[in-house]
Amino acid sequence: MEGHPGAVGRGDEEHAAGRNRAGGPYSRRGTIVYEGAVQELIDELGRLPGVGPKSAQRLAFHILESDGEDMKRLVTAITTVKERVKFCTICGNVAEQEQCAICRDPRRDPSMICVVEESKDVIAVERTRSFRGRYHVLGGAINPIAGVGPDQLRIRELLARLSDEKVQEIIIATDPNLEGEATATYLVRMLKTIGIPVTRLASGLPVGGDLEYADEVTLGRAFEGRRAMS
Amino acid sequence: MYVEHLSLTGFRSYPQLDTAIEPGITVFVGPNGVGKTNIVEAIGYLATLSSHRVSSDKPLISFGQDRAIIRGRFVRGTQRTGVEVEINAETANRARINRANPVRARDAAGILKTVLFAPEDLSLVKGDPSGRRRYLDEVMVSLLPHQSALRADYERVLKQRNALLKSARAAGRFSTAHEATLDVWDQHLAEAGARLLAARLLLVDHLRPHVQRAYKELTDGSKVADIVYLPSVSSSADLAMDDDGADALHDGDRERLGDLELPALTDLFVENLLRHRRKELDRGISLVGPHRDELGLLLGQAPVKGYASHGETWSMALALRLASYYLLLEEDHTPGGDPVLILDDVFAELDAQRRTRLAAIVAPAEQVLVTAAVGDDIPAALLGRQIRVVPGGLAGTTDGPGSVAEDRDEPAAVPSAGEPDA
């Protein structure tokens, strides 16, 4: 890919003086980078989650080669999303009005709140169609390395909701990784004093999978969380 | 088990190397810097996915290349397994087992079992406690590969907790929010730490008689070697006694801590953390836990470090490696379950008596791979097949004398035997 006809090499010194120093490994290694705008686009794309330097390059060239109208739509979509989309004042989910569609829906059961890390987790739970309560989006998980503590999460808002609404159960659905577990522990300790029952999603074997393919940690957790059947 | 075939691509000094290796004793001979150690290092890497010489993978890749590939075929009993590990400079390493689809590299660890002796082992005894902790964790993982998760989990929690302590210290004051979050991390650190601690205590119990035996076999037996795990977590009794125990190691508790069930050990851990909280906040770092523990090495009553002679120090280092070999043998009775022994340049470091004794112990193993700069260093018991290593490859193989006894008087004659073929 480095040999793409559109590529124009730049020397190391010239590059070091340029403004793309935060770019991918290419610039770090001090080897060839693209000229101005192209490299800027690659660097910007490379900052997106899950996009490495090679993917960023592929995306950039896709954008370069695509139809102008298509790309205008992409630009408009990005601009609109940044202008129009807000976060629900109640639960913190993405919304186009003050409150999100779920919080506005009178048919949703106000006695249950499912606590998740991100808005995308709301969608994941919604897809199950088995939860009819409401949500609370924390906006992340406790992660001291990234400088995220309880104060950076929407925990105060959650406590405020508990005093107003008639909540009977809180379901903690943070990610089953270290940070998610730590957040869950924190919430449990905090909510214990309020006296509302708190549950945590079970973790264990995936449905439809084979036991032999489960990794040791998952299988170990499944053993710890086994339930009586008779 | 034994390694039957090894192929290296872009690994260290080898653009490409293919070699068959036979069971029994094989000695790689050649001058310094020619790449003998690179060969055994690659075999060690296939077993543990780490090098005994460097902590990062980068130097393993030939300078200027993007990746190195190590392929090995092992025979265990009647079963043949091929493992291919790709070490990538920029992306994650990958592995293939028996030419199947690539898997995460760590899934390939532990298929081949090796015990590696190297000059670096001296630092097991003379170096920092971190080396001895690493030794324990490596033995633990080679016994049960999935135990690598214990250490990894603990380290993840530790990093987060240290980040929190550091930011609390930077903030200058310890707010209630900090306190509440720290409680959470204490709990998680204690859970992960108790699991790691329990596993290490159990391992040391199992390892201890083997260290004693190995040391006795390596020396004339006038001194008795011993190992003891020194946890930084102290028992409740000790906690009550000394009010400033951070940094102190508590050897008397070992038995009692080992007797505790996990939940009790976790509670004790939390108690320890609470006790040292002030100090931890002052220093912005976690002071209690398996990352601060030590494996104490003793000769008679005295610690090895500082008291033992150079020769004794070497014997202790070898005894630790041999003990892990004995433990692996004991734990795996299946045919071909015994690990491959690798002796990388160790004989040059030892005196004649230790050489002979070590050679006699390792010689009966299913496969022994030895590297040496000069054939003179090789004790008679290990005069097997020799492979001469030349820059960039291998030259000439010499089958060692069939009967070891014949050759005992003139080992110096052997290295020259490989030359005419080259």
Handout entry: Exclusive hit being free of Cβ contacts under 8 Å to residues at least 12 places away in the same chain and not in a loop (DSSP other than H, G, I, E, B), set B:GLY44, B:GLY72, B:GLY131, B:GLY82
Key = B:GLY131
Practice task
Quick one: which residue in B:GLY296, B:GLY289, B:GLY306 is modelled with pLDDT of 90 or more and on the phi > 0 side of the Ramachandran plot?
Solution key: B:GLY289
Practice task
Please find, within the stretch B:168-185, the residue that is least open to solvent (accessible area, probe 1.4 Å) out of those that are more than 10 Å from chain A (Cβ to nearest Cβ) and in contact (Cβ under 8 Å) with a residue 60 or more places away in the chain.
Solution key: B:PHE174
Handout entry: Test: residue in the stretch B:140-147 that is surrounded by fewer than 17 Cβ atoms within 10 Å (Cβ to Cβ) and away from every other protein chain (no Cβ under 13 Å)
Key = no
Fill in the blank from the handout: Residues in the stretch B:190-200 that are surrounded by 21 or more Cβ atoms within 10 Å (Cβ to Cβ) and more than 10 Å from every other protein chain (Cβ to nearest Cβ) total 6
Completion exercise
Of the candidates A:GLY139, A:GLY195, the one satisfying the condition of being away from chain B (no Cβ under 14 Å), in a loop (DSSP other than H, G, I, E, B) and over 16 Å from A:GLY92 (Cβ atoms) is A:GLY195
Problem - Matching residues in the stretch B:86-105 - criterion: being among the aliphatic types (A, V, I, L, M) and away from chain A (no Cβ under 13 Å) - result: B:ILE87, B:ALA95, B:ILE97, B:ALA100, B:ALA105
Practice task
Would you mention how many residues in the stretch A:148-161 are open to solvent by 50 Å² or more (accessible area, probe 1.4 Å) and within 11 Å of chain B (Cβ to nearest Cβ)?
Solution key: 3
Handout entry: Residue selected from the stretch B:93-116 under the condition in a strand (DSSP E or B) and at pLDDT 90 or above, by the criterion most open to solvent (accessible area, probe 1.4 Å)
Key = B:ARG94
Completion exercise
The number of residues in the stretch A:209-230 that are open to solvent by 80 Å² or more (accessible area, probe 1.4 Å) and either acidic (Asp, Glu) or more than 14 Å from chain B (Cβ to nearest Cβ) (or both) is 10
Handout entry: Residue in the stretch A:118-127 that is in contact with a strand residue (DSSP E or B) (Cβ under 6 Å, 6 or more places away or on another chain), at positive phi and not β-branched (Val, Ile, Thr) present
Key = no
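One line per residue, one yes/no per condition, for (1) under 18 Å from B:PRO31 (Cβ atoms); (2) open to solvent by 30 Å² or more (accessible area, probe 1.4 Å); (3) among the charged types (D, E, K, R):
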| residue | (1), (2), (3) |
| --- | --- |
| B:ARG321 | no, yes, yes |
| B:THR334 | no, yes, no |
| B:GLN353 | no, yes, no |
| B:ALA372 | yes, no, no |
| B:ALA381 | no, no, no |
| B:GLN386 | yes, no, no |
| B:VAL389 | yes, no, no |
Exercise for the section: Would you confirm whether any residue within the stretch A:166-186 is more than 24 Å from A:ALA124 (Cα to Cα) and within 13 Å of another protein chain (Cβ to nearest Cβ)? Expected result: no
Problem - Residues within the stretch B:277-331 that are part of a loop (DSSP other than H, G, I, E, B) and free of Cβ contacts under 8 Å to residues at least 12 places away in the same chain, tallied - result: 2
Problem - Filter pass, A:THR31 being at pLDDT below 90, hydroxyl-bearing (Ser, Thr, Tyr) and open to solvent by 50 Å² or more (accessible area, probe 1.4 Å) - result: yes
Problem - Residue check, B:GLN353 part of a strand (DSSP E or B) and either closer than 23 Å to B:VAL34 by Cα or not basic (Lys, Arg) (or both) - result: no
Problem - Breaking point among (1) within 16 Å of B:HIS188 (Cβ to Cβ); (2) more than 14 Å from chain B (Cβ to nearest Cβ); (3) of a type in the set (D, E, K, R), for A:ARG189 - result: (2)
Fill in the blank from the handout: Flagged in the stretch A:116-130 as buried (at least 18 other Cβ atoms within 10 Å of the Cβ) and not in a helix (DSSP H, G or I), in numbering order, are A:VAL116, A:GLU117, A:GLU118
Fill in the blank from the handout: Result of the Cβ filter at 8 Å on the stretch B:155-167, keeping first residues that are facing chain A (nearest Cβ under 8 Å) and partners that are surrounded by fewer than 19 Cβ atoms within 10 Å (Cβ to Cβ) and assigned to a helix (DSSP H, G or I), at least 6 apart or interchain, is B:LYS159/A:ILE145; B:GLN160/A:ILE145; B:ALA163/A:ILE145
Practice task
Select, from A:ILE142, A:ILE196, A:ILE113, the only residue that is in contact with a helix residue (DSSP H, G or I) (Cβ under 6 Å, 6 or more places away or on another chain) and open to solvent by less than 50 Å² (accessible area, probe 1.4 Å).
Solution key: A:ILE142
Fill in the blank from the handout: (1) open to solvent by 30 Å² or more (accessible area, probe 1.4 Å); (2) farther than 22 Å from B:LEU143 by Cα all hold for B:ALA225 apart from (1)
Practice task
Answer yes or no as to whether B:ALA360 is open to solvent by 30 Å² or more (accessible area, probe 1.4 Å) and either part of a helix (DSSP H, G or I) or of a type in the set (Gly, Ala, Ser) (or both).
Solution key: yes
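The values are calculated or read from the model by the stated rules, or taken from the named source; none is laboratory data. Keep in mind that what you see is a predicted model, and the values were worked out from it rather than measured. Because the Cβ atoms are built from the backbone with ideal geometry, glycine has one as well, and the counts that use them run over all protein chains shown. The accessibility values were calculated without ligands, DNA or RNA, using every heavy atom of the protein model including side chains. Shrake-Rupley method; radii C 1.70, N 1.55, O 1.52, S 1.80 Å.
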